[in-house]
Amino acid sequence: MKQLIINLLVIVSVGAISFLLHNAIIGTSNNGDYSIFGFYLFFAIASIAIVTGVYFTNVYLPDKAAYAFLIGMFLKLGLFMMIFLSKAEQELETIVKINILTPLVIFLILEVFLIFKKLNHQKL
């Protein structure tokens, strides 16, 4: 349980730091109807849910932890598309695409690292 709390704090702190850096670099650029904070908040909450879900799946069903991660990823991307990209009536600008992909990649790498660390720690 201690490792889960540390992982959740890592997700929140990396999300906050990357949001502040992203906001400082991009500044007040035209982002259309989208909020950079909304992107980071969604991906942080989704990452917390996925890491927590995989953690508890690994406790009760260790053989199914990888499947829980894959299901969580598909749900996260599906919900993201339904919530944020359903508003897109035309082609997104390049800056908006970069603002979407930046938190996606940051939290994806973070999730994979934390889950890989957890699952490989069990094998040793």
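The values are calculated or read from the model by the stated rules, or taken from the named source; none is laboratory data. As the structure is a computational prediction, the values presented were derived from the model and not from experiment. Using ideal geometry, Cβ is built from the backbone for each residue, glycine included, and neighbour counts are taken over all protein chains shown.
A compact table of results
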{"quantity": "Qualifying residue in segment 24-44 (condition: modelled with pLDDT of 90 or more and β-branched (V, I, T))", "calculated": "no"}
{"quantity": "Criterion: at pLDDT below 95 and more than 19 Å from F19 (Cα to Cα) - qualifying residue of K97, K118", "calculated": "K118"}
{"quantity": "Segment 71-124: number of residues that are among the hydrophobic types (A, V, I, L, M, F, W, C) and touching a Ser or Thr at 6+ places or on another chain (Cβ under 7 Å)", "calculated": "4"}
{"quantity": "Counted residues, segment 1-30 - those being polar (S, T, N, Q) and closer than 27 Å to K118 by Cβ", "calculated": "4"}
{"quantity": "Positions within segment 7-17 being closer than 22 Å to I83 by Cα and surrounded by fewer than 19 Cβ atoms within 10 Å (Cβ to Cβ), in sequence order", "calculated": "V12, A16"}
{"quantity": "Helices (runs of 4 or more DSSP H) completely within segment 33-123 that count 1 or more residues being out of contact with any Cys (no Cβ under 9 Å at 6 or more places or on another chain), basic (K, R) and loosely packed, with under 14 Cβ neighbours inside 10 Å", "calculated": "94-123"}
{"quantity": "Qualifying positions in segment 12-32 - out of contact with any Leu (no Cβ under 6 Å at 6 or more places or on another chain), assigned to a helix (DSSP H, G or I) and touching a residue at least 60 places away in the same chain (Cβ under 8 Å)", "calculated": "G15, S18, F19, H22, I26"}
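For every residue, the table says whether it meets (1) farther than 13 Å from F42 by Cα; (2) among the basic types (K, R); (3) in contact (Cβ under 8 Å) with a residue 60 or more places away in the chain.
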| position | (1), (2), (3) |
| --- | --- |
| Y55 | yes, no, yes |
| P62 | yes, no, yes |
| F69 | yes, no, no |
| K76 | no, yes, no |
| L92 | yes, no, yes |
| I100 | no, no, yes |
| F116 | yes, no, no |
